[in-house]
Amino acid sequence: MAKMKSYILGAVFVVLIATQGMVVQGSSNGNNNGNGNNGNNNGNGNNGSSNGNSGNEDHDDLTALGSGQERAQCKAKGHCTNKILVCPAQCPEKKPKKNKKHKACFVDCSSKCEVTCKYRKPNCNGYGSLCYDPRFVGGDGVMFYFHGAKGGNFAIVSDDNLQINAHFIGSRPQGRTRDFTWVQALSVMFDSHNLIIAANKVSHWDDNVDSLNVRWDGEAINIPTDGEAEWRSDGEERQVVVERTDDTNAVKVTVAGLLEMDIKVRPIGKHENKVHHYQLPDNDAFAHLETQFRFKNLTDLVEGVLGKTYRPDYVSPVKTGVPMPMIGGEDKYQTPSLLSPLCRLCRFQGASAGNGMATI
């Protein structure tokens, strides 16, 4: 009964988010066309990179050079162990503070043993990405579409110690046989905790207004916009960090030992609406999430719309050469609510769905 109550409360949270409309003026043209190629990171979606949080699992931060270039000493096993890597002059900081839009220094202590300059935002053509009218790039590098259903919740990843659900919003114009859908919220469940990242419903988009909503165990959290511009969980064995990667509408989420996520909130712009014939109403920008996942320690039996593509024996069933290769599975991965770990093939055994939700 307690778990059922928490699932219902989770559904209430999604409804509340969906009704938090804000009337603001738009400044985004929304020209993304939903088309793209396979990813450009490595096949397991985890390139061993870090953007400079303290408590890195694969390296220790050292004192920066006089030029301001930050340094790291690798502690991951392999030929990179104990090597000192120095950030390039073009991106001297792992976490730019004065201008979050600048490229950051990414430290890779894996077999690559290198530092690179990258923008801290989702790569919608990269491994583990989930963008557009839900288009995925799997752990095998194969791109596919999964449409789900308007108002539905689906298990994106379900493993022994991790579950990620997605809440879909959408619209079905007259004469169409399926919904146009986008991911409006993600629920990350692990141990005895849950973390929700959602896009607020907005009537008209403004890049300067933060439309991101983050909750930890049912409580809204505030992510500072200055200084370190991050929120950290307190007193937990597995630390959770949510840091801003832009002044508004973009964050990086790190759950130690499990995953990293780059997330951006964006609308459907007028041009995109017209090109794809979405026929969306004028009073809803359909703010949604673009996300790229990097996983750690997934089991060989991981499930979920995206999770199963990380299995070592996975063979994609999608038809190559078609513009929109589709994958089904709605009946296998649909969950009763955003916070429910229950579906036909779900594997998660944690207790996080029932934790702290009475405050919503």
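The values are calculated or read from the model by the stated rules, or taken from the named source; none is laboratory data. Keep in mind that this is a model prediction, so the values were computed, not measured. FYI the Cβ positions are ideal-geometry reconstructions off the backbone, even for glycines, and counts take in every protein chain you see. What goes into the accessible areas is simple: the full protein's heavy atoms, side chains included, and nothing from ligands, DNA or RNA. Shrake-Rupley method; radii C 1.70, N 1.55, O 1.52, S 1.80 Å.
Expected output is a single nm value to one decimal: the length gained when fully extending between Asp247 and Asn208, i.e. 0.36 nm times separation in residues minus the C-alpha distance. What is it? Write down the numbers at each step before the final one.
Working: separation 39, 0.36 × 39 = 14.04 nm, distance 0.80 nm.
Contour length minus Cα-Cα distance gives 13.2 nm.
With labels modelled as points extended 7 Å from the Cα through the Cβ direction, what inter-label distance (nm, one decimal) is found for His102 paired with Lys332?
A separation of 4.6 nm, rounded to one decimal place.
So how far, in whole Å, is the C-alpha centre of the stretch 186-233 from the one of the stretch 130-175?
20
So what does Asp210 come to for accessible area, using a 1.4 Å probe and Å² rounded to 10?
50
Hey, if you put +1 on the Cβ of every Lys and Arg and -1 on every Asp and Glu Cβ in the stretch 127-242, which of Leu162, Phe146, Ala220 ends up farthest toward the positive end of that dipole?
Phe146
So if each residue of separation counts as 0.36 nm, and I subtract the Cα-Cα distance between Leu345 and Ala149, what length gain in nm does that give?
Values: separation 196, 0.36 × 196 = 70.56 nm, distance 1.81 nm.
Result for the pair: 68.7 nm of gain on full extension.
What dipole magnitude, in Debye to the nearest 20, does the stretch 241-298 give about its Cα centre under +1 on Lys/Arg Cβ and -1 on Asp/Glu Cβ?
Result for the stretch 241-298 is approximately 160 debye, rounded to the nearest 20.
Take every Cα-Cα distance within the stretch 89-203, group them into 5 Å bins from 0 onward, and report for each bin the whole-number percent of pairs it holds.
All Cα pairs, binned at 5 Å, distribute as 2, 10, 13, 15, 17, 17, 13, 7, 3, 2, 0, 0 percent.
Do you know the relative contact order of the stretch 112-153, to the nearest whole percent, from alpha carbon pairs under 8 angstrom that are 6+ apart? Could you put the intermediate results ahead of the total?
Details: 39 pairs, mean separation 9.5, N = 42.
Computed value for the stretch 112-153: 23 percent relative contact order.
Quick check on packing: order 79-87, 196-204, 240-248 by the mean number of other C-beta atoms within 10 Å, highest mean leading.
Working: 79-87: 15.2, 196-204: 22.2, 240-248: 19.8.
Ranked by mean Cβ neighbours within 10 Å, highest first: 196-204, 240-248, 79-87.
Going by average Cβ neighbours within 10 Å, how do the peptides 273-286, 300-313 rank, with the highest at the top?
300-313, 273-286
Using 22 Å as the Cα-Cα cut-off, could you pick out the over-long pairs in Lys75/Lys296; Lys95/Lys270; Lys95/Lys252; Lys103/Lys270; Lys150/Lys274; Lys264/Lys308? Show your work: numbers first, answer last.
Details: Lys75/Lys296 16 Å; Lys95/Lys270 33 Å; Lys95/Lys252 11 Å; Lys103/Lys270 29 Å; Lys150/Lys274 20 Å; Lys264/Lys308 24 Å.
Checking Cα-Cα distances, Lys95/Lys270; Lys103/Lys270; Lys264/Lys308 exceed 22 Å.
Starting from the 7 Å offset along Cα-to-Cβ, what nm value, one decimal, do you get for the label separation of Glu236 and Lys121?
With each label point 7 Å from Cα toward Cβ, the separation is 2.7 nm.
Given a cut-off of under 8 Å on Cα pairs at least six residues apart, what relative contact order in percent is computed for the stretch 206-323? Kindly include the intermediate steps, with their values, before the conclusion.
On the way: 153 pairs, mean separation 18.7, N = 118.
Normalised by residue count, the contact order of the stretch 206-323 is 16 percent.
What length, rounded to one decimal in nm, is gained on full extension from Glu114 through to Lys319, with 0.36 nm per residue of separation minus their alpha-carbon distance? Numbers along the way, then the final one.
On the way: separation 205, 0.36 × 205 = 73.80 nm, distance 3.60 nm.
Separation in residues times 0.36 nm, less the Cα-Cα distance, equals 70.2 nm.
Considering only protein heavy atoms and a 1.4 Å probe, what is the carbon-and-sulfur percentage of the accessible area of the stretch 237-328?
On the way: 2000 of 3990 Å².
Reported share for carbon and sulfur atoms: 50 percent.
Using 1/(1 + (r/R0)^6) with R0 = 51 angstrom and r between the beta carbons of Thr225 and Thr177, what's the FRET efficiency to the nearest 0.05? Mind showing how you got there, number by number?
Details: r = 44 Å, r/R0 = 0.86.
The value I calculate is 0.70.
In whole Hz, what ³J(HN,Hα) sequence does the stretch 334-344 give by Karplus (6.51, -1.76, 1.60; θ = phi - 60°), x for Gly and Pro?
Listing the rounded values in order: 6, 10, x, 7, 4, 9, 8, x, 9, 7, 4 Hz.
From the backbone phi of the stretch 294-302, what are the Karplus-calculated ³J(HN,Hα) couplings (6.51 cos²θ - 1.76 cosθ + 1.60, θ = phi - 60°) in whole Hz, Gly and Pro given as x?
Calculated HN-Hα couplings, in order: 10, 9, 10, 6, 5, 7, 6, 10, 4 Hz.
Using the Cα centre of the stretch 132-186 as the reference point, and only Cβ charges (+1 on K/R, -1 on D/E), how large is the resulting charge dipole? Debye, rounded to the nearest 20. All intermediate terms of the calculation are to be shown ahead of the outcome.
Values: 5 positive and 5 negative charges, 86 e Å.
It comes to approximately 420 debye.
Quote the charge dipole size of the stretch 119-266 about the Cα centre in Debye, to the nearest 20; the model charges only the Cβ of Lys and Arg (+1) and of Asp and Glu (-1). Walk me through the intermediate numbers first.
Working: 15 positive and 22 negative charges, 195 e Å.
Charge dipole of the stretch 119-266: 940 debye, to the nearest 20.
Relative contact order for the stretch 93-181: what percent, with Cα pairs under 8 Å and sequence separation of 6 or more?
On the way: 134 pairs, mean separation 13.4, N = 89.
This gives 15 percent for the stretch 93-181.
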